1. Tell me which residues come under 5 Å, amide H to amide H, from residue 280 once H is placed; ignore anything under 5 positions away on its chain.
2. What ranking of 34, 244 comes out by heavy-atom accessible area, probe 1.4 Å, highest first?
3. Just read off the accessible area of residue 17 with the full protein assembly in place, 1.4 Å probe, to the nearest 10 Å².
4. Under the rule a/c < 1.5 gives rounded, and otherwise a/b versus b/c splits prolate from oblate, where does the range 436-539 land using the Cα gyration tensor?
5. Using the heavy atoms of the protein chains alone and a 1.4 angstrom probe, what is the accessible area of the range 305-437 per residue in square angstrom?
6. Whole angstrom only: what separates the Cα centroid of the range 6-32 from the Cα centroid of the range 324-386?
7. For the ranges 45-51, 508-514, what's the packing order if you count other beta-carbon atoms within 10 Å of each residue, average per peptide, and put the highest first?
8. So how much accessible area does residue 376 have, in Å² to the nearest 10, using a 1.4 Å probe?
Amino acid sequence: MARSSTKKSARRSLLALIVVILGLGALTAGLAKWGDGSMTPRLGLDLEGGTELVLQPQLNGTETISEGQVNRAVDIIRQRIDANGVSEAEITTQGGRSIVVSIPGQPTAEQLDALKKPSQLRFRAVYVQALDSNAAQVNPSGTPTGTSTGTPTGTPSGTATSTGTPKATTTPSTSATAQNGVVPDALRAATTPATPTATPTGTPTGTATTPAPSATETAPAPTPAETEAAVKAQASTGLVGLGWDKVKADAAAAKVAKEYVALNCGKPGAIDAVKDDPAQPIATCGEDRITKYVLGPSEIDGSEIADATSGYQPGPNGQPTSIVEVALSFKDAGKAKFAAVTKRLYGLQSQPPLDQFAVVLDKAVITAPQARAVITDGRASITGSFTIDSAKQLAEQLKFGALPISFALQTQDNITPQLGEEQLRIGLLAGFIGLLLVVIYSLIQYRALGLVTVASLVVASVITYLAVTVLGTTHGFRLTMAGVTGLIVAIGVTADSFIVYFERIRDEVRDGRPLVAAVETGWKRARRTIIAADAVNFIAAGVLYFLASSNVRGFAFTLGLTTLIDLVVVMLFTHPMVQLLARTEFFGNGHKWSGLDPQRLGAKESVRYRGRGQFGAPGAQRPPATVGSARVADGKAKA
């Protein structure tokens, strides 16, 4: 019964592997036929060549651009390139002003436009804010709520206290929450609003803290029609409050309500499809990708920000407190606009989330504080569950998120592969030679058992090829020479797993165990070693990927990918195949060419129980475990 169960388990594992390979093959073929994929991996800049773009900042008169703005622009451009599915791009600065972008292949018109346009940072009023039920299924943890506080007593009057959500927090949440604010009744079932934090002692006179009402969690989930009606009503109210004509407001609200219902923040690229018209309300997502909004027209442009800094908020006596803040100041024109916005929103504290304003960077909401005072001097303070690093990141987004410049395409040249086809062929030849040496070693060392190594390497190669090809289509992964090196190194990693397993089996045979028992016992001991070794390789690959430069990241990615594939192959192919081979006459009887010959391995001679109350004499070879029965003659086992 146990033997039958083991054989069934081995066959199920092999069947699962076949399903994985066929699934990857079908996905590759489907993407090539009906999508924009291909049947071969995409190559990187060093192997395929591409396009080099030199972007020149456009300045007016005596306007200058700082090093910080250039570095921030490089970060924004890199994010936009990655969002368009182009990986392994190289982005550098030239002369402290120009930006040089090298992209594999030929960029599309959309990619060129994304490179040249300035990042858009806008301030919009919040009409609807709720947890996206679709995204909540993907990321149920949500983003915890933070508190924005104004400048304490001792600073000029006119600063405000408000409650908002910073981009990053330090306190994880076990359930998704809406970001401060109450959503319409029909949407309450989809979110759990947070309870605002009370204003700290020392808030300037005239500011007020009005806790937002708690939303009930017992309401039934709204239908799409109910959701659309609620969003339309809320958006229309906000537009009318902004001074829109009722008919015009209703039409715009109906349009944005449909967009809100259709928006799925958990879907990759959802924000890319949002139309960012500054004169119209929009439906968009937060950077957490689990909260979605309906926002009013843009009222302040990011270019109106004079400065944004981060640090510890000063206390009443001027000494820094433990509260981390982002201090924001506006230019002269922005001061008047911001004063008008906060005055209107401050009068809506009884109608959250209509008292909130969202800071929107490239169509994603990065924070949405509530107005708790009328700010007339253009200076505001945002606090919450910030760390120094997260506050600095938000300050940089506010300061450099909307550059007061655009970039013009100065030159666009085709660049030849840095390594070329000849170097790629040499690299692949080196990999083939390494693979051949591993095969030769396996056949010499393990004889027929070495064929399992060969077959396992073939299976691993097929899965790796299909995985790299699919990732090239779905995630824009491109194979560079560093990545090819990672694949070559993976040959040794994979072969090492087989060697550990086979040596464990042979150790058990040397101890006198029957082959079937040796396979199972050896696997239990080898499995721990293989998993530990692969875990170390994967951790090393992860550290390299996140900390190293772009060239090394290709090596790290392929090394990590092939390490995972090695585990799949060992678990679903190598071990099940050895289990089945151990039950054949050739391997089970320990043929001298099997690689598991007890005499060749120097198996221990011991007294063994033969069944029915009989014991084998010392020096007698153990009977085969699975094939027929053994006859003992002259101290040697004969099949």
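The values are calculated or read from the model by the stated rules, or taken from the named source; none is laboratory data. From a predicted model like this one, the values you see are computed outputs, not experimental measurements. Here the Cβ positions follow ideal geometry from the backbone for every residue, glycine too, while neighbour counts run over all protein chains shown. These accessible areas exclude ligands, DNA and RNA; they are computed on the full protein's heavy atoms, side chains included. Shrake-Rupley method; radii C 1.70, N 1.55, O 1.52, S 1.80 Å.
1. Under 5 Å from the amide H of residue 280: 298.
2. 34, 244
3. Probe radius 1.4 Å; accessible area of residue 17 about 10 Å².
4. prolate
5. So the range 305-437 comes to 46 Å² accessible per residue, rounded to a whole number.
6. 55
7. 45-51, 508-514
8. So the heavy atoms of residue 376 present about 90 Å² to solvent.
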